[in-house]
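Undergrad: Here's a structure for you.
The values are calculated or read from the model by the stated rules, or taken from the named source; none is laboratory data. A quick note: this is a predicted structure, and the numbers were derived from the prediction, not measured. Cβ sites come from the backbone with ideal geometry, for glycine too, and all protein chains shown count toward neighbours.
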Amino acid sequence: MKTVLEKNFGFTSFRPNQEEVIESVLQGKDVFVLMPTGGGKSLCYQIPALMMKGTAIVVSPLISLMKDQVDGLLADGISVAYLNSTLSDSEFVEVRKKLTDGKLKILYMAPERLMMPGTLSLLQKINISLFAIDEAHCVSEWGHDFRPEYRKLSELRTHFPNVSMIALTATATERVRKDIVSVLHLKDPVVVISSFNRPNLSYKIIEKKDPNEQIISYLKKNRKKSGIIYCQSRETVERLAERLTKAGFSALPYHAGLADSKRSKNQEKFIRDDVDIIVATVAFGMGIDKPDVRFVIHYDLPKNLESYYQETGRGGRDGLECECILFFNRGDWHKIRFFIEKKPSKKERDLAFQQLSQIMSYCESTECRRNTLLRYFGENWTEPCDNCDSCLRPRKKFDGTAQACLLIDCISQTGQKFGLSHVIDVLYGAKTKKVKEFRHDRLDAHGSGKNYSKDEWKRVGNELIQSGYLSVSGERYPIVKLNEKSRKITAGTLTVELTQPLISHISEAGKK
Ligand code: ADP
Ligand code: ZN
C-alpha cells in the first residue's frame with residue numbers, strides 16, 4: 001500500500017483513515033466511507049484498484065469531474081479511462097477494446113451509463129475488481145444533491161452479487177448514511193467515518209446590511225487572496241462580479257446560465273490563479289480542488305447546513321487558515337419561505353422547511369459555530385473552538401423587558417390581526433397607506449417605539465417569536481398574537497432577556 005502511495009501518487013504518508021479503508025477493500029469487504037471534502041476519498045479506491053486484479057468501475061456524477069480525475073491519473077501513469085457521452089465513436093471503441101483486453105485498471109462512468117443494459121452486459125464479460133460509488137449521497141432524497149439516476153444503482157448488486165462495493169460521501173447525517181447502505185445493498189459494510197472538524201476554517205456570521213459594500217470593505221483588507229463568493233441567484237452573481245470588477249478587484253462569475261466554454265474558462269482561470277475571486281452559484285465547486293482558497297463568503301443564506309458545510313469545505317484545503325463568512329438577515333428567511341411554499345409536493349416542502357429551520361437556528365445561536373455544525377453531523381463537541389465569531393466575540397444578553405412591553409402593547413392595540421412588519425410600522429410611527437387605512441396612526445402605540453430603528457424592532461420581534469414570548473398563526477400570512485407569556489411580561493411577572501445583534505463589520509467579527 002505504502003509503495004503504491006509513494007510510487008504512483010508521490011505521497012509519503014496516508015491521511016487519517018485511508019489505510020483502514022484500503023485494507024478493508026483489499027479484503028473484499030463492502031465499505032462505507034464518510035470523509036469531509038478534501039479528506040482524500042479518491043485514494044481509498046484508486047489504490048486498491050491498482051493493487052487488485054481486474055478493472056475497478058468508478059461511478060461519478062459529473063462528466064467534467066470525471067475528465068479532471070482521469071487526466072490526473074493518466075499523468076501519474078495509471079491506465080484509466082472514462083465512458084461518457086462526450087466520447088466520439090472511435091474513442092468509445094478504443095475504450096471498449098482496452099476494457100475487454102483487460103488493459104484498464106480504472107474505468108469512470110456516470111450512473112446512467114453504468115445501468116444501461118449494453119454496459120451491464122459488457123461488464124459481465126470482464127473481470128471487475130470493485131465498484132466505487134463516489135458522491136454516494138446522491139442516492140438519497142435526504143441528501144443535498146439527490147439524483148434520480150443514482151437510485152438505479154440499487155440494482156447493481158443483483159447484477160454483480162460477488163463484486164465488492166465501496167461507497168464514498170462527504171454528507172454525513174445519519175439518515176443519508178442509512179439510505180446509502182440500504183439503496184446500494186451494501187453487505188455488512190465496514191463503516192469508516194472521519195471527523196468533520198476542519199480546524200483551519202473559521203466560521204463567522206455577519207449581519208447582512210449592505211452586502212456589496214460589506215464585501216468590498218473586506219476585500220480591500222484582503223487583497224490578492226483567493227476566494228469564493230456564493231450567491232443564491234445568477235443575477236446576483238452577475239451583478240456582484242461586475243461590481244467587484246469595477247471596484248478594481250479581479251473577479252469572474254460562474255453559474256449554470258453561462259455558456260459551457262465560458263464557465264469552464266472562468267473556473268480554469270480561478271484554479272490557475274489568473275483571477276482572485278470567483279462569484280458563483282452553488283453550481284460551482286463539486287470536485288474543485290484548489291488548495292489555497294482563503295475565504296468563502298455566503299452572500300445569501302445557504303439551503304441547508306449540509307450545503308453550507310460542503311461549500312465552506314472548499315476553503316483551506318492546504319491546511320492553512322480560511323475565513324468562512326455567512327451574511328445573514330431575516331429578510332432572506334422570508335424569501336426562502338416564500339419559495340418553499342411554492343413547491344408542489346408536501347414532502348419536499350416539509351423537508352425544505354425543516355432544513356431551513358436548522359440553518360436558522362445555527363445562525364441565531366450564540367453557541368460555538370463549530371460545535372453546532374459538528375453536532376449536526378453527529379459528532380459530540382463541547383469545548384469552545386476559539387476560531388468562530390461566537391467564541392471570539394460572544395454576544396451578550398440584555399434586559400429587553402421594556403422593549404418587549406412596547407411591542408406587545410402595539411400588537412394588542414392593533415387587535416392581534418397583523419403581521420410583524422405592519423405592527424413595527426405602527427410602533428415606528430410610519431404613515432404607510434395601510435397604517436392610515438386602519439387609522440393606526442391615531443393609536444397611542446403609533447410612534448411609541450421610534451427611539452429604535454426598524455431593523456432593531458424586527459430583530460426584537462423575531463427573537464420574541466423564536467423564544468415563544470409571542471405566537472404566530474395564519475396559514476398564508478403570519479399574524480403575530482399574544483400568548484400566556486406575553487401577558488405575563490406586561491403584567492410585570494416575567495422579564496425578557498434579548499441577545500445583542502450580530503456584528504455587521506466583518507473585520508470586527510472575531511478577528512484574533
Ligand atoms: P475528497 O474526494 O475526499 O474531497 P480528494 O481525494 O480529492 O478528496 O483529495 C483531496 C486532496 O488531497 C487531493 O489533492 C489529493 O491529492 C490529496 N491527498 C489525498 N490523499 C493524500 C495523502 N495521503 N497525502 C497527501 N495528499 C493527499
Ligand atoms: Zn467556536
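Table: residues versus (1) at pLDDT 95 or above; (2) basic (Lys, Arg); (3) part of a loop (DSSP other than H, G, I, E, B); (4) surrounded by 18 or more Cβ atoms within 10 Å (Cβ to Cβ).
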residue	(1), (2), (3), (4)
LYS225	yes, yes, yes, no
VAL237	yes, no, no, yes
GLY248	yes, no, yes, no
GLY257	yes, no, yes, no
LYS262	yes, yes, no, no
LYS269	yes, yes, no, no
VAL279	yes, no, no, yes
ASP289	no, no, yes, no
VAL293	yes, no, yes, yes
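Undergrad: Could you please give the count of residues in the range 273-295 that are more than 16 Å from ligand 1 (Cβ to nearest atom) and of a type in the set (Phe, Trp, Tyr)?
TA: Final tally of qualifying residues: 1.
Undergrad: Here's a follow-up. So TRP457 fits all but one of (1) loosely packed, with under 14 Cβ neighbours inside 10 Å; (2) within 13 Å of ILE408 (Cβ to Cβ); what number is the exception?
TA: (1)
Undergrad: A further question on this structure: Quick one: which residue in HIS298, HIS334 is away from ligand 1 (no atom under 16 Å from the Cβ) and crowded, with 21+ Cβ neighbours inside 10 Å?
TA: HIS298
Undergrad: Of all the residues that make up the range 1-45, how many are over 22 Å from GLU135 (Cα atoms) and among the aliphatic types (A, V, I, L, M)?
TA: 3
Undergrad: Condition first: modelled with pLDDT under 90, aromatic (Phe, Trp, Tyr) and either surrounded by fewer than 19 Cβ atoms within 10 Å (Cβ to Cβ) or near ligand 2 (Cβ under 8 Å from one of its atoms) (or both). Now tell me which residues in the range 358-404 satisfy that.
TA: Matches in the range 358-404: TRP381 only.
Undergrad: Let me ask something else. So SER307 fits all but one of (1) under 28 Å from GLU207 (Cα atoms); (2) buried (at least 21 other Cβ atoms within 10 Å of the Cβ); (3) not β-branched (Val, Ile, Thr); what number is the exception?
TA: Failing condition for SER307: (2).
Undergrad: The conditions are (1) among the polar types (S, T, N, Q); (2) farther than 22 Å from ARG177 by Cα; (3) modelled with pLDDT under 90, and THR55 fails exactly one of them. Which is it?
TA: Only one criterion is unmet by THR55, namely (3).
Undergrad: Where in the range 125-214 are there strands (runs of 3 or more DSSP E), lying wholly inside it, with at least 1 residues that are among the acidic types (Asp, Glu)?
TA: It comes to 201-207.
Undergrad: Given SER202, SER233, which one is surrounded by fewer than 19 Cβ atoms within 10 Å (Cβ to Cβ) and of a type in the set (S, T, N, Q)?
TA: Every option except SER233 fails the conditions.
Undergrad: Something else about it: If the requirement is being more than 16 Å from ligand 1 (Cβ to nearest atom) and touching a Phe, Trp or Tyr at 6+ places or on another chain (Cβ under 7 Å), which of these qualifies: ASN387, ASN371, ASN380?
TA: Criteria check complete, one pass: ASN371.
Undergrad: Another question, then. Among the residues of the range 9-28, what is the count of those that are surrounded by fewer than 17 Cβ atoms within 10 Å (Cβ to Cβ), away from ligand 1 (no atom under 11 Å from the Cβ) and of a type outside the set (Asp, Glu)?
TA: Of the residues in that region, 3 qualify.
Undergrad: Residue check, ILE325 against (1) among the β-branched types (Val, Ile, Thr); (2) part of a helix (DSSP H, G or I); (3) within 16 Å of ligand 2 (Cβ to nearest atom), all met but one. Which one?
TA: Going through (1) among the β-branched types (Val, Ile, Thr); (2) part of a helix (DSSP H, G or I); (3) within 16 Å of ligand 2 (Cβ to nearest atom) one by one, ILE325 breaks only (2).
Undergrad: Here is a further query. Sort out which residues of the range 111-124 are buried (at least 16 other Cβ atoms within 10 Å of the Cβ) and assigned to a loop (DSSP other than H, G, I, E, B), and write them in order of number.
TA: Selection gives MET115 alone.
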